[in-house]
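Beneath this line is the structure, given in structure tokens, with notes to follow.
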Amino acid sequence: MRDIHTSAITDAVKKLCMDANWYLEPDMLQAFDRALQTERSAAGKQVLQILKDNAAMARERRIPYCQDTGMVVCFVELGQDVHITGGALYDAINEGVGQGYTEGYLRASVARSPFDRVNTGNNTPAVIHVDVVPGAELKIMIMTKGGGCENRSKYKMLTPADGIPGVKDWVIECVKMAGPDACPPLVLGVGIGGTFEKSAILSKKALFRPLGSPNPDPQLDVLEKELLDKANRLGIGPQGYGGDTTAFGIHILTYPCHITSLPVAVTIECHAHRHKEVTL
Amino acid sequence: MSVTTASDGIKDIHTPLTDADAASLKAGDRVRITGVIYTARDAAHGRLFPLIEKGEKLPIDVRGQIIYYTGPSPARPGEVVGSIGPTTASRMDTYTPALLKLGLKGTIAKGYRSQAVKDALKQHKAVYFGSIGGAGAVLSRFVKKLEVVAYEDLGTEAIRRLEVEGFPAIVLNDCHGGDLYQDGQKAYAREDP
């Protein structure tokens, strides 16, 4: 058994929240550079260049890349030989979110109830998913998920007969429906299989794979590349002004499913794809 | 006229705008906006709308003005504002025609508008501008002054009066039926191999 105190978790989450919003990850910056090489549209190129400048300015001034600093989605991989001391894991994470958003001058964007819409004032609570895994480490992965793109995320229960062609059509349909509203160039997380909720969670988790890295499953890797090519033929382009760069990447995760089902969840993520992780 | 074309081809706009100013702008025009603009998004619109329905006075006079759909992040000490990019326009579509009818001349945001909003732009001679979604750090440089003028309890969603200088935007929908999204996307769509 290894003890990890909740104060270490709070400190880690606080730092992840601030860093994610101020410092866009290198995989995203590289995606801008790659797209600047291939984009044919002058307006699209200009948008990409401004977004690159935006990342530099956010870093330099330690202000958020995007004013929508998101709702925090937190995936925790909790080693089964870890003993958390000093309080509750969920409270420690939310305390870190509250401190990070308050002290980091990040926007409070969470309503305490879907109906009364009163702002909680410090961006808590986070959406937290915990997986128990072998080992004595605690891995914390956070994404600060913007609302504009999240609002364009979609789910469809396909049938086994729809198969791979059905999945392709649905994912591309989602890109079309997202359009400029979701701030392209997009990153798509696609969860296929499992049950209704499992596919949705997979679609979020898929977004943590570094952009530009291959899917470890060669068949899925081929599918991802085909889908990305199709998405970038739609002409939507950066900000929807027209162009070749509609999506930076499409990441797929799968899980076994019932013989009747083919669930497909698509999380739409914008170019402000802010993700960070740490292992304690 | 509050709209003039600069030597770099970009149109300089000084608020407030007249019908003739709005009519002179075409989809695809790049613009720089200088003067006063107001911020309002979901929650503020939710409070303005019942006032409009009851014919009551609004906390801001929208005639000739531009509303920017944004909820900025907090300013660091000594700074005017944090990050201040646009939010998705479609959530305000329900409210926009009523504001245009009152004389609002422009909105700034990102994303598609409904047919009802596009029709109202034509009918009331107004413009829908786009600023770059997610470029909030860059856009903050163009905001010289910020003051909350209504609904302070709404936090980031309060109505703010901004003084902007050369705020960069592009005309997405004009009052002649022009639509940058449609034209731009058509030009780059390619068939599958």
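The values are calculated or read from the model by the stated rules, or taken from the named source; none is laboratory data. Please read all numbers here as calculations on a predicted model, not as lab measurements. We place every Cβ from the backbone using ideal geometry, glycine too, and count neighbours over all the protein chains shown.
For the structure I just gave you, tell me whether A:LEU78 is more than 9 Å from every other protein chain (Cβ to nearest Cβ), on the phi < 0 side of the Ramachandran plot and surrounded by fewer than 21 Cβ atoms within 10 Å (Cβ to Cβ).
Yes: the conditions hold for A:LEU78.
Given (1) within 26 Å of B:ASP42 (Cα to Cα); (2) more than 10 Å from chain B (Cβ to nearest Cβ); (3) surrounded by fewer than 15 Cβ atoms within 10 Å (Cβ to Cβ), identify the lone condition not met by A:VAL132.
(1)
Which one is nearest to B:THR70 (Cα to Cα) among residues in segment A:102-129 that are exposed (fewer than 15 other Cβ atoms within 10 Å of the Cβ) and within 18 Å of the chain's Cα centre (by Cα)?
Only one residue fits best here, namely A:VAL127.
Please find, among A:ARG61, A:ARG40, the residue that is within 20 Å of A:THR144 (Cβ to Cβ) and surrounded by fewer than 18 Cβ atoms within 10 Å (Cβ to Cβ).
A:ARG61
Which pairs have Cβ atoms under 6 Å, sit 6 or more apart or on different chains, and link a residue in segment A:112-123 that is assigned by TED's automatic domain parsing to the domain that holds A:THR69 to one that is in a loop (DSSP other than H, G, I, E, B) and surrounded by fewer than 10 Cβ atoms within 10 Å (Cβ to Cβ)?
From segment A:112-123, no pairs qualify.
Right, A:THR195: in the same structural domain as A:SER261 (by TED's automatic domain parsing), touching a strand residue (DSSP E or B) at 6+ places or on another chain (Cβ under 9 Å), among the polar types (S, T, N, Q) and surrounded by 19 or more Cβ atoms within 10 Å (Cβ to Cβ) or not?
no
Just checking, does segment B:16-34 include any residue being over 20 Å from B:ASN173 (Cβ atoms) and either part of a helix (DSSP H, G or I) or within 18 Å of the chain's Cα centre (by Cα) (or both)?
Scanning segment B:16-34 turns up at least one residue that is over 20 Å from B:ASN173 (Cβ atoms) and either part of a helix (DSSP H, G or I) or within 18 Å of the chain's Cα centre (by Cα) (or both).
Report whether or not A:PRO184 is loosely packed, with under 15 Cβ neighbours inside 10 Å and either in contact with a strand residue (DSSP E or B) (Cβ under 7 Å, 6 or more places away or on another chain) or outside the structural domain of A:ILE93 (by TED's automatic domain parsing) (or both).
no
So which helices (runs of 4 or more DSSP H) stay within segment A:97-212 end to end and still have 2 or more residues that are touching a His at 6+ places or on another chain (Cβ under 9 Å)?
Those helices (runs of 4 or more DSSP H) span A:196-205.
From the list B:ARG41, B:ARG47, B:ARG30, pick out the single residue that is more than 25 Å from A:CYS270 (Cα to Cα), within 14 Å of another protein chain (Cβ to nearest Cβ) and either touching a strand residue (DSSP E or B) at 6+ places or on another chain (Cβ under 8 Å) or in contact (Cβ under 8 Å) with a residue 60 or more places away in the chain (or both).
Within the list B:ARG41, B:ARG47, B:ARG30, the selection yields B:ARG47.
Find the residue count for segment A:30-71, including only residues that are hydroxyl-bearing (Ser, Thr, Tyr) and assigned to a helix (DSSP H, G or I).
Adding up the residues that qualify gives 1.
For segment B:170-189, which residues satisfy the criterion of being facing chain A (nearest Cβ under 9 Å) and either surrounded by fewer than 12 Cβ atoms within 10 Å (Cβ to Cβ) or touching a strand residue (DSSP E or B) at 6+ places or on another chain (Cβ under 6 Å) (or both)?
Passing the criteria: B:ILE170, B:LEU172, B:LEU180, B:LYS186.
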